[in-house]
Amino acid sequence: MNRLKKVLISVAISIVTVNANAWPWISPYAYCFGNPVNCIDPDGRSTWVINQGDGKYQVVGGNLNDKDKNIYVGSFNKKGEFVRGNSIGVTTSMTSFYNSEAQGGGQWSVGSIIDTNDRSGDKFLEKIISNNPPMIDDYMMNARNNKPYDFKVTNGTNSPIKGIDIYRGMPVGENGKGQTIYTSARDIGNIAAGYVAGVNGMSWEASRIAFDSYQGGMEGKSTRNAERYGWTMGYNNASYNKKMDNLLRSVGSSIKSLWNYFIK
């Protein structure tokens, strides 16, 4: 209950910039033709994969420091060095296929498969990125472990799927250069969380307080990167009036949920 109170406080103190409504003829949602993923330029580092055929690629490593966001297809030479080939696209964040919270300081999701034909993540985000996005309290209730919005284990269904790889990869759109954007199932859930916070008018600072409070401590870099990506989509692709309306409805809905909890 203490966590919920902290989240509600952070919602109430969030600030929405008025500049988003200054030029309505180029409304934030209009520029991206209804899909904000298309016009966000992800900041990532290169991910390395090998071709498995049938549009599938296996993650074998990457480089967090090369200032390159591409996913490169390649092979290993006799010295065990990865020889880079062509790029199949870019990632939503530098840690989409990297677990920064893993023991030993982090590790790549070696062995995970990026399936270029998998549209489950795109469909899930499309459901979230709608004219009527989830209210904050509704999202919180359904985004807990093994709940419907916990995409990494549910794949968009209503229940967890046993043994499913949380770092499985899939396309979620294109950037302004026409490159396909890929991300992991783990990131998709966190992108959705960030989007809900942003489109409901929460500032990034307030969103961070809410996320960390909900988890009972500071979240890892991999999680924060994905949430920031989603928050940018939500915050930049809704007008000031829309965000204010969403925020007020979320606050009202949260208060109602809290009241119902106490009177049970």
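Considering only residues that are under 21 Å from Trp48 (Cβ atoms) and in a loop (DSSP other than H, G, I, E, B), which ones fall in region 102-118? Outline the logic, then answer.
Initially, region 102-118 is screened for residues under 21 Å from Trp48 (Cβ atoms), giving 102, 104-118.
Scanning region 102-118 gives Ala102, Gly104, Gly105, Gly106, Ser109, Val110, Gly111, Ser112, Thr116, Asn117, Asp118.
Considering only residues that are hydrophobic (A, V, I, L, M, F, W, C), at pLDDT 90 or above and in a loop (DSSP other than H, G, I, E, B), which ones fall in region 119-175?
Going through region 119-175, the residues hydrophobic (A, V, I, L, M, F, W, C) turn out to be 124-125, 128-129, 135-136, 140-141, 143, 151, 153, 161, 164, 166, 170, 172.
Now drop any that are not at pLDDT 90 or above, which leaves 124-125, 151, 153, 161, 164, 166, 170, 172.
If the condition is that a residue be hydrophobic (A, V, I, L, M, F, W, C), at pLDDT 90 or above and in a loop (DSSP other than H, G, I, E, B), then Ile161, Ile164, Ile166 are the ones that fit.
Given (1) among the aromatic types (Phe, Trp, Tyr); (2) part of a strand (DSSP E or B); (3) touching a helix residue (DSSP H, G or I) at 6+ places or on another chain (Cβ under 7 Å), where does Tyr182 come up short, assuming only one miss?
It is condition (3) that Tyr182 fails.
I want to confirm something. Restricting to region 99-146 and keeping residues that are of a type in the set (S, T, N, Q) and without any contact (Cβ under 8 Å) to a residue 24 or more places away in the chain, which single residue is farthest from Tyr195 (Cα to Cα)? First the steps, then the outcome.
In the first step, residues of region 99-146 are kept if they are of a type in the set (S, T, N, Q); the result is 99-100, 103, 107, 109, 112, 116-117, 120, 130-132, 142, 145-146.
Next, only the ones that are without any contact (Cβ under 8 Å) to a residue 24 or more places away in the chain stay: 103, 107, 130-132, 142, 145-146.
Details: Gln103: 29, Gln107: 26, Ser130: 11, Asn131: 13, Asn132: 12, Asn142: 15, Asn145: 18, Asn146: 20 Å.
Top of the filtered list is Gln103.
When you scan region 105-132, how many residues do you find that are of a type outside the set (S, T, N, Q) and either touching a Pro at 6+ places or on another chain (Cβ under 8 Å) or crowded, with 17+ Cβ neighbours inside 10 Å (or both)? Talk me through it step by step, then tell me what you get.
Taking region 105-132 as the starting set, the residues that turn out to be of a type outside the set (S, T, N, Q) are 105-106, 108, 110-111, 113-115, 118-119, 121-129.
Narrowing further to those that are either touching a Pro at 6+ places or on another chain (Cβ under 8 Å) or crowded, with 17+ Cβ neighbours inside 10 Å (or both): 108, 113-115, 118-119, 121-122, 124-125, 128-129.
The number of residues fulfilling the criteria is 12.
Go through region 206-231 and give me each residue that's in contact (Cβ under 8 Å) with a residue 40 or more places away in the chain and over 13 Å from the mean Cα position of the chain (by Cα).
Ala206, Ser207, Ile209, Ala210, Ser213, Tyr214, Gly216, Gly220
Scan region 212-234 for residues that are surrounded by fewer than 18 Cβ atoms within 10 Å (Cβ to Cβ) and aliphatic (A, V, I, L, M) and jot them down.
Result: Met218, single match.
Somewhere in region 195-216, is a residue closer than 16 Å to Ile129 by Cβ, assigned to a helix (DSSP H, G or I) and in contact with a strand residue (DSSP E or B) (Cβ under 9 Å, 6 or more places away or on another chain)?
Among the residues of region 195-216, not one is closer than 16 Å to Ile129 by Cβ, assigned to a helix (DSSP H, G or I) and in contact with a strand residue (DSSP E or B) (Cβ under 9 Å, 6 or more places away or on another chain), which makes the answer no.
Which residues, counting only those in region 88-99, are modelled with pLDDT of 90 or more and touching a helix residue (DSSP H, G or I) at 6+ places or on another chain (Cβ under 9 Å)? Reasoning before the result, please.
Step one: list which residues in region 88-99 are modelled with pLDDT of 90 or more, which gives 88-93, 95-99.
Hits for region 88-99 are Thr91, Thr92, Ser93, Thr95, Ser96, Phe97, Tyr98, Asn99.
Considering region 67-88 alone, what residues qualify as being buried (at least 23 other Cβ atoms within 10 Å of the Cβ) and either touching a residue at least 40 places away in the same chain (Cβ under 8 Å) or not in a loop (DSSP other than H, G, I, E, B) (or both)?
Let us first name the residues in region 67-88 that are buried (at least 23 other Cβ atoms within 10 Å of the Cβ), namely 69, 71.
Matches in region 67-88: Ile71 only.
The values are calculated or read from the model by the stated rules, or taken from the named source; none is laboratory data. The structure presented is a predicted model; accordingly, all values stated were derived computationally and were not measured. Positions of Cβ are backbone-derived with ideal geometry, glycine not excepted, and every protein chain shown enters the neighbour counts.
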